[in-house]
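Shown next, in structure tokens, is the structure this report addresses.
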Amino acid sequence: MLKEKIKWNEKYKTLTLKPPSPLLNYIPNTINKKALDLAGGLGRNAYELVKKGYVVDLIDISDIAISKINHPKINTFCLDLDNYIIPQNEYDVIIKIKYFNLNLLKQTANALKKDGYFIFETIPKYSISKNEFFEIFKSFDIIHLNENPFQFVGVKCGCD
Ligand SMILES: C[S@@+](CC[C@H](N)C(=O)[O-])C[C@H]1O[C@@H](n2cnc3c(N)ncnc32)[C@H](O)[C@@H]1O
């Protein structure tokens, strides 16, 4: 969405890299498994995933943010997630932190491989009912859950 791109590009002219989300502590270390960082911004969480051994696809609408990321294990894509279809059964980890898009959320469960981790945190102005959320992630084991802000870390158990 052009409005979002302009808004975030303006912010990223001056924003600097913040520490990664503590939720990433739930993710196990690995060697070269695949992670997806949806609306990853300047890559604070993607860099942490790389430290844990992942190769990361990071998508964000801001070309300014993307232009500031330079790491051989982070593949960047400047795309509008409003129109994005995530490939199915592709990722070992997906993170979606401080960005809300219901259509994308619904795709996430299928985009993860079995035993894949999903990390989600939403900002207060957006909401999804608990029933709707847990209907989407009914095949996940819950590792961490928090009400406010709403946080979820789950592992796809492979059973429906
Ligand atoms: C609050 S920031 C969060 C960034 C990152 N997830 C983090 O935790 O640091 C929201 C991000 O969403 C991105 N964004 C907003 N609308 C988008 C869209 N339609 N498609 C892709 N990225 C979008 C912004 O550019 C921004 O980087």
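Bridging of Lys33 to aspartates and glutamates at a Cα separation below 17 Å is possible for Glu48, Asp57, Glu90, Asp92, Asp115, once same-chain residues fewer than 8 apart are set aside. Does a label point 7 Å from the Cα of Lys18, set along Cα-to-beta-carbon, have any residues of segment 103-135 with amide nitrogen under 19 Å, and which are they? Within reach of a label on Lys18, which here means backbone N under 19 Å from a point 7 Å along Cα→Cβ, segment 103-135 contributes 119-127. Farthest towards the positive end of the charge dipole of segment 42-89, among the residues Val50, Phe77, Ala65, is the Cα of Val50, using unit charges on the Cβ of Lys, Arg, Asp and Glu.
Here the chain carries DSSP beta bridges of which approximately 35% are antiparallel, counting only pairs with both residues inside.
Listed by chain and number, the aspartates and glutamates whose C-alpha is less than 19 Å from the C-alpha of Lys130, apart from same-chain residues fewer than 8 away, are Glu121, Asp141, Glu147, Asp160. Since only Thr30, Trp8, Leu102 are under comparison, the one whose Cα sits farthest along the positive direction of the charge dipole of the chain, derived from C-beta charges on Lys, Arg, Asp and Glu, is Trp8.
Could you tell me which of the pairs Lys7/Lys51; Lys51/Lys96; Lys73/Lys138; Lys11/Lys156; Lys68/Lys114 are separated by over 23 angstrom between their Cα atoms in the structure shown? Kindly include the intermediate steps, with their values, before the conclusion.
Details: Lys7/Lys51 30 Å; Lys51/Lys96 18 Å; Lys73/Lys138 32 Å; Lys11/Lys156 35 Å; Lys68/Lys114 33 Å.
In this structure, Lys7/Lys51; Lys73/Lys138; Lys11/Lys156; Lys68/Lys114 exceed 23 Å between Cα atoms.
Put simply, the convex hull of the Cα atoms in the chain casts, on average, a shadow of 8.8 nm². Count Lys and Arg as plus one, Asp and Glu as minus one, and take only other residues whose Cβ is under 10 Å from that of Asn25; the net charge is then 0. When the chain is treated as a GNM with alpha-carbon contacts under 10 Å, the residue of Asn131, Asn29, Asn45 showing the greatest mean-square fluctuation is Asn131.
Only Lys, Arg, Asp and Glu carry charge here, each on its Cβ (+1 for the first two, -1 for the last two); on that basis segment 1-67 has a dipole of about 120 debye about its Cα centre.
Once you list every other residue whose beta carbon is under 12 Å from the beta carbon of Asp80, what net charge do they have if Lys and Arg are +1 and Asp and Glu are -1? Intermediate results must be reported in sequence, preceding the final value.
Values: positive: Lys3, Lys5; negative: Glu4, Asp60, Asp63, Asp82.
Net of charged neighbours comes to -2.
Dipole check for the chain: with +1 at the C-beta of Lys and Arg, -1 at the C-beta of Asp and Glu, and the Cα centre as origin, the magnitude is about 420 Debye.
We did not get these values from a lab; they are worked out from the coordinates using the rules stated. Not measured: the values here are computed from a predicted model. Here Cβ is always computed from backbone atoms with ideal geometry, including for glycine, and neighbour counts include all displayed protein chains.
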